[in-house]
Structure formats: structure tokens, C-alpha cells
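Below is one structure, written out as C-alpha cells; comments come after it.
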Amino acid sequence: MTEQEFEKKYGRPPVKHSGDVKTKIYWDRIVIALVLLVLLVFCVVRLIGALIGAFGGGESSSVLPAVNNNKESSSEPEHTGYDFTVCIDPGHGGDDSGAQDKTGKRLEKDDTLNVSLKLRDELEALGVNVAMTRETDEFLTLDEICKKANDSKADLFISIHRNSGDEANKGVEIWVNNHEPESDILLASNILSALDEVGISKNREVGFGFIGDSCSNYQVNRQTHMPSCLVELGFITNDADNKLLDEHIGEYAHAMAQAAVKTAKELGITDENGERLIDEPYLSTKPQWNEKTGTYFTEEGEIYAADALQPVIINDHKYTQTTSAKQDDATNAAAQPPDGTVG
Ligand SMILES: [Zn+2]
């Protein structure tokens, strides 16, 4: 019916249930619901974020390194280094320049110092204690060098030299005491093998005594208490050897450091993890030199009848003088080479 008909029938105009009004209320509710929903979602997101922060960013990041640490400590036990000492002797120095190349510009004393400083760094990087007989271009007598080595209480002694000779001569050789002590041979052969692996022009083997005279010893192999060797690191008179040294000096140093660690383990100075196993400095079985008397003593040698020298005691080992040592000493007194430059 029309409005007129409604008014006529009921005496009042019809109440307008406007669609607009209904719609308006409906949208108000929707808007409020949406606002509430957005607020709720926002709160949930914040809550989840907080939970991730606590359990993800906090716990998981602290758990993972803990797991890694456990792995490290089980497979690679923590140690502060290899608890032994190496004394490095860079041959020559100061006024004693050692051998030289054909131009006269390249000096043995510089090469030996360069290699020795790199060897020191490599050893220290492994946590090995290092004593140096010199770290600058200075001259020390062989007596001073040996005294420094013995005073340092080093377990191993490595003297670095360069060889010289005819231009055709090449390669690396290492010298040890002519009494062929096992510990010294082990040190020398480990170093030689390691250098050989890096690459050298020729492996000239481990030699005993002094070149051309097996009855004589290099002083550093005679008067040091610990296992010792004298490394002739290629010929300074050979261009190929010099090139090899220049190109591989870092690798040579690294190889020698690894060889020293290998030797320390094999001699029982440290265990596999670098823990020290002995109280005193390691003592070579070579005849021990007595600085006061200037003679040798050997652990199981016979007492030399003609003299009244007292046995010497080093690290609780009692040494007695031997006839062979006496002979050795006499030979050295007559024909003691000044150092390791010859040949
Ligand atoms: Zn030399």
C-alpha cells in the first residue's frame, strides 16, 4: 500500500525502516570487528615474535655454539700448544757473513736469518716455545751459540745454514753428531723428509760428523746437550737452489716446524695433544760436552784412564769420559771447522 493508504488506514504515517539506517549499523559493527581483529592479529604476531626471540634468537643461538664447542672438545681436545722448546740458530751473522753467491750480494747470514725467523713464527703459531741464538744481524762465537742453546733448556736444536761449492752442486743435506745418536738422527731425517716433500733439488741425505771428516763434528752438534742438527738448506752458489728457497721459504719453514713437532711426539717429549711428558729438557744420547773440562762424556762409556776428570751430571744422567770421545776431541782440537759453510 502507499503511504497515503497506510495513513488513511492506521491514522499515522508508516514508520520508515530505512535501509540506510540498517546498513549504517551493519558497517559500524564490521569496522569495529575488523579493528578488533587487526588488534588481535597484531598482538598474536608480537607474542610469537617475543617467543621466537626468547626460544629462537636466544636459546637456539646459545645452544648451537654449545653443541659445536662440545664437538670441538671431543674430537680436538683443547690445548694451549706443544709444551716443548726448540732453539733455532741462524748460522753466521754480523762480520761473519758466511758463504755468498757468485755476485757476492747474496749472503748466507741473511738467508739463514730469514728462514729462521719464519721457522720461529711457524713454531710459535703451533704454541711451541722458541729460543733464538740471534734475531738480528749480530755475530756470536760458536761457544756463545752453544751456551745460549744449553742455557735455553731447549729440547731440540736446529742450526740453519746454506751450503757452498761448485756451481753444479745442489740439494739439501743435514749433519748430526758422528756418534750417530738416534734422537738427533730422528730430528734430522724428519726435517729432511718434510723439506723433500715440499720440493728440493736433491736429497743429499743425513751426514755424520763433518764433511770430509767423520771423526770431527760441527761444534753446534758437539757442544749442545739436546738432539741437534745442522741443516744445509741448499747451495747459495746454485741459482736453482736459491730460486727454490725464495719461492718456498714459507713452506720450508712450515715443513721444518711440523717436523720438530713430529720429533717431539716421537721422542716422547710431548703426547699427541702437546702435553709435556718429561720434567727436564730432553737430553740427546750423544756424548755430552763438559764446558769446564772441554771434554766429552758418554752415558755408558768407559772412564778414560789417563785423566782425573770427574764424571759430569746433566739432568740426573751421569756421564763418564770415553777413549773415543778423547780421540774425537783431539781431532776437533786439531782440525775444528769454524762452522758449517764448507762444502
Ligand atoms: Zn754456514
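No lab work stands behind these numbers, since they all come straight from the coordinates. Only a predicted model underlies this, so the values are computations on that prediction, with no experimental measurement involved. Cβ placement follows ideal geometry from the backbone for every residue including glycine, while neighbour counts extend to all protein chains displayed.
Here are some notes:
- When each of the peptides 217-224, 100-107 is scored by how many other beta carbons lie within 10 Å of its residues on average, the order from highest to lowest is 217-224, 100-107.
- For a modelled paramagnetic label at S214, 7 Å from Cα along Cα-to-Cβ, the residues of region 161-184 in reach, with backbone nitrogen under 12 Å, are 178-180.
- Pairs with C-alpha atoms separated by more than 18 Å, drawn from the list K202/K243; K170/K243; K105/K243; K102/K202, are K102/K202.
- Restricted to Cα atoms, region 94-173 shows a radius of gyration and a Dmax of 14.1, 40 angstrom.
- √(5λ) per eigenvalue of the Cα gyration tensor, region 185-296, largest first, Å: 27, 22, 10
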